[in-house]
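The values are calculated or read from the model by the stated rules, or taken from the named source; none is laboratory data. Quick caveat: nothing in here was measured; it's all calculated off a predicted structure. Note that each Cβ is placed from the backbone with ideal geometry, even for glycine, and that neighbours are counted across all protein chains shown.
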Amino acid sequence: MTTVIRFARGSTIAAILMAALGLAACASKPEGPAASASVAGAAARGSAQDFVVNVGDRVFFETDSSEITAQGRETLDKQAQWLTNYGQHAFTVEGHADERGTREYNLALGARRAQAVRDYLASRGIAPTRMRTISFGKERPVAVCNDISCWSQNRRAVTVLNASS
Amino acid sequence: MRLPQLVQELQIGGTSRIAEMDEMNEPDVFTPRLQLNRRRVLGGIGVGALAMAMPRQAAAVLRLDVTQGNVQPLPVAVPDFVGVSATDVDTARNVSQIITANLRRSGLFAPIDPAAFIEKISNADAVPRFPDWRAINAQGLVTGRVTRQQDGRLKAEFRLWDVFAGQQLTGQQYFTTPDNWRRIAHIISDAIYERLTGEKGYFDSRIVFIDESGPKERRIKRLAIMDQDGAGVRYLTRGDELVLTPRFSPSTQEITYMSYGRGDPRVYLLNIETGQRETVGNFPGMTFSPRFSPDGQRVIMSLQQGGNANLFAMDLRSKATTRLTDTAAIDTAPSYSPDGARICFESDRGGSQQIYVMGAQGGPAQRISFSEGSYSTPVWSPRGDTIAFTKQYQGKFAIGIMRTDGSGERILSEGFHNEGPTFSPNGRVVMFFRDPGGESGPSLFTVDITGRNELKVPTPGYASDPAWSPLLS
């Protein structure tokens with residue numbers, strides 16, 4: 001499974017943008033933006049959907065970098081909190097790269113990004129035994145176009161809760 | 001007048017097959033490993049009665065100098081081969097057409113439009129009327145014949161003539177099963193190419209690549225194999241698993257590639273004849289970017305260890321693994337020198353991706369790429385003298401070659417987004433893929449190592465990650 005988001009693509013992007021841009025603001029509010037409130041309302045607490053919509057399942061990276069950004073840290077702190085609250089979930093961190101790199105290098109770069117997220121979550125008390133990493137390199141973009149608006153969404157690490165957990 | 005005897009006789013068998021997807025279910029096809037019995041019909045050089053009968057022109061032997069920077073394509077005429085029976089006529093014409101297409105695509109030859117031909121070759125045993133061919137400025141002339149033998153096999157013969165000297169340069173005959181006719185055409189093309197350039201040809205070879213279909217976010221990728229000219233595409237996987245970076249073994253019977261199955265993505269070995277598949281090694285983590293050693297005994301690859309990728313080699317017989325690099329960096333895309341003594345690879349150990357060369361056992365590595373930009377996917381030429389690469393500079397992805405010490409960089413193709421070069425068996429041509437980005441997908445291209453003659457390689461769908469086989473015979 002490469003993704004657990006099964007909304008139409010437009011709303012997926014909305015969810016991503018919310019996760020990327022809106023979380024700092026969201027963190028101090030009980031509810032997210034109105035657009036996602038109805039979706040959030042439908043998500044059972046502790047469910048995979050709850051995680052995606054109310055926590056944010058992904059962090060983004062600068063070009064050619066695997067450093068966790070300040071925004072990424074906020075997302076991962078929320079992820080760590082949620083994963084601590086709902087300890088039944090095992091999960092996989094998927095690392096991705098944008099297409100502006102060669103295939104082999106991007107596989108390793110995606111792995112580096114996944115590892116960075118794994119290390120960060122471990123530093124926040126998540127047991128390594130719950131975590132697995134995988135890299136998809138540039139093989140699974142979420143946004144397809146030839147400019148920065150897409151590339152920046154594709155440089156990501158996604159925390160995917162295992163279906164069985 | 002008696003013609004010179006044909007010099008060599010090649011027996012090309014076709015007993016083995018490529019294991020392919022059941023839905024394809026095509027009849028047996030020839031495979032790279034063929035039982036090839038090469039025996040000399042004549043002991044000496046086949047300049048027989050004809051050469052002596054014809055007035056020999058001093059120093060007039062036709063030869064195309066391909067060492068010059070700017071090669072003027074040599075005008076050649078390839079009239080339809082003579083077909084003895086009705087069915088042979090079609091085969092004979094097809095053989096001539098494939099030879100024509102091969103020679104044209106090489107960029108070194110300029111096949112003449114058959115409409116200009118004056119003499120119609122209807123008897124392969126007669127000496128051509130050279131003045132007719134000189135009149136249309138053909139310098140080389142290829143005549144031939146296809147005959148069905150009583151045992152059902154196909155006999156194909158050809159003669160290459162130096163039109164201006166009025167003599168035969170080479171001639172061969174081949175026996176094979178009729179469904180091998182396409183391969184015969186490639187072998188004849190190679191014989192012509194070699195006789196006229198002095199270099200081995202590359203037409204009797206194959207490409208393994210990744211066939212791509214579907215939207216980019218959910219791209220389906222299948223292992224595929226085809227002749228170097230794009231004919232005879234066969235799919236080796238179904239597309240239910242993501243597959244990447246296939247590479248030929250020197251025997252051309254096996255492919256190593258990376259696949260996403262369950263668990264970590266791994267390097268696999270696939271026997272294309274039997275369809276048997278196995279993982280290469282039992283590594284704790286993702287293995288990727290595999291390539292065979294020139295002797296076929298080892299597979300070299302990257303192993304992901306945390307945030308770093310290091311190079312390992314595995315002996316395919318003993319299963320022993322050897323660590324070749326140990327850095328806090330991404331070391332990947334390894335490729336052996338043709339003598340197996342050295343390995344080139346890319347590493348970002350110095351900050352950005354650059355090309356390094358080290359001994360085949362590992363040890364200190366020397367950076368060889370120093371121009372502006374970053375360098376990746378190095379691959380060693382079968383000639384040993386150059387390394388081809390992908391170069392990223394100012395948002396563009398170029399394909400280029402450089403000497404093995406990093407000097408003499410030459411860009412062959414530029415733009416967004418070229419990637420992943422592979423050399424033809426003779427080192428004369430580089431194939432790579434180009435992806436225009438956005439919703440569309442990649443295609444395969446060839447370009448001469450001089451940077452000229454860039455051509456698209458026909459594929460049924462999007463195609464990437466090409467790897468050129470060695471010559472099949």
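The table for this structure:
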read-out	value
Of all residues making up the stretch B:239-267, the number that are more than 12 Å from every other protein chain (Cβ to nearest Cβ), assigned to a strand (DSSP E or B) and more than 25 Å from the chain's Cα centre (by Cα)	0
Output for the stretch B:60-80, where each listed residue is in a loop (DSSP other than H, G, I, E, B), at pLDDT 95 or above and within 24 Å of the chain's Cα centre (by Cα)	B:Val78
Top-ranked residue of the stretch B:368-398 - restricted to ones that are buried (at least 24 other Cβ atoms within 10 Å of the Cβ) and under 21 Å from the mean Cα position of the chain (by Cα), ranked as nearest to B:Glu414 (Cα to Cα)	B:Thr390
The stretch A:141-151: number of residues that are surrounded by 17 or more Cβ atoms within 10 Å (Cβ to Cβ) and more than 7 Å from chain B (Cβ to nearest Cβ)	3
Residues of the stretch B:423-432 satisfying the condition of being free of Cβ contacts under 8 Å to residues at least 60 places away in the same chain and either touching a strand residue (DSSP E or B) at 6+ places or on another chain (Cβ under 6 Å) or of a type outside the set (Gly, Ala, Ser) (or both)	B:Phe423, B:Val430, B:Phe432
Top-ranked residue in the stretch B:438-452 [being in contact with a helix residue (DSSP H, G or I) (Cβ under 9 Å, 6 or more places away or on another chain) and buried (at least 16 other Cβ atoms within 10 Å of the Cβ); ranked as farthest from the other protein chains (Cβ to nearest Cβ)]	B:Asp448
Residue in the stretch B:81-101 that is more than 27 Å from B:Asp179 (Cβ to Cβ), of a type outside the set (Ser, Thr, Tyr), at pLDDT 85 or above and in contact with a strand residue (DSSP E or B) (Cβ under 6 Å, 6 or more places away or on another chain) present	no
Selection from the stretch A:131-140 of residues that are more than 7 Å from every other protein chain (Cβ to nearest Cβ), within 18 Å of A:Glu62 (Cα to Cα) and free of Cβ contacts under 8 Å to residues at least 60 places away in the same chain	A:Gly137, A:Lys138
Any hit, the stretch B:113-122, residues being part of a strand (DSSP E or B), in contact with an Asp or Glu (Cβ under 6 Å, 6 or more places away or on another chain), assigned by TED's automatic domain parsing to the domain that holds B:Pro73 and not hydrophobic (A, V, I, L, M, F, W, C)	no
Selection count, the stretch B:97-125, where residues are out of contact with any Pro (no Cβ under 8 Å at 6 or more places or on another chain), under 18 Å from B:Arg145 (Cα atoms) and among the hydroxyl-bearing types (Ser, Thr, Tyr)	1
All positions within the stretch B:268-297 that are crowded, with 22+ Cβ neighbours inside 10 Å and not in a loop (DSSP other than H, G, I, E, B)	B:Tyr268, B:Leu270, B:Thr287, B:Phe288, B:Ser289, B:Pro290, B:Arg291, B:Phe292
Candidates B:Asn137, B:Asn180 - the one that is in contact (Cβ under 8 Å) with a residue 60 or more places away in the chain, outside any strand (DSSP E or B) and farther than 27 Å from B:Ser473 by Cα	B:Asn137
Of all residues in the stretch B:78-112 being β-branched (Val, Ile, Thr) and touching a residue at least 60 places away in the same chain (Cβ under 8 Å), the one that is surrounded by the most Cβ atoms within 10 Å (Cβ to Cβ)	B:Val78
Residue in the stretch B:309-358 that is surrounded by the fewest Cβ atoms within 10 Å (Cβ to Cβ), counting only those that are over 29 Å from the mean Cα position of the chain (by Cα) and in contact (Cβ under 8 Å) with a residue 40 or more places away in the chain	B:Thr322
Check on B:Asp465, surrounded by 20 or more Cβ atoms within 10 Å (Cβ to Cβ), in contact with a Gly (Cβ under 9 Å, 6 or more places away or on another chain) and of a type in the set (Asp, Glu)	yes
Any hit, the stretch B:402-409, residues being out of contact with any strand residue (DSSP E or B) (no Cβ under 8 Å at 6 or more places or on another chain), part of a loop (DSSP other than H, G, I, E, B) and either away from chain A (no Cβ under 14 Å) or at pLDDT 95 or above (or both)	yes
Set A:Ala157, A:Ala163, A:Ala114, A:Ala97: member being in contact (Cβ under 8 Å) with a residue 24 or more places away in the chain, of a type outside the set (D, E, K, R) and within 11 Å of chain B (Cβ to nearest Cβ)	A:Ala114
Wholly within the stretch B:302-394, strands (runs of 3 or more DSSP E) carrying at least 2 residues that are of a type in the set (A, V, I, L, M) and in the same structural domain as B:Gly427 (by TED's automatic domain parsing)	B:308-315, B:354-359, B:386-393
For B:Arg218: the one exception among (1) more than 14 Å from chain A (Cβ to nearest Cβ); (2) surrounded by fewer than 23 Cβ atoms within 10 Å (Cβ to Cβ)	(1)
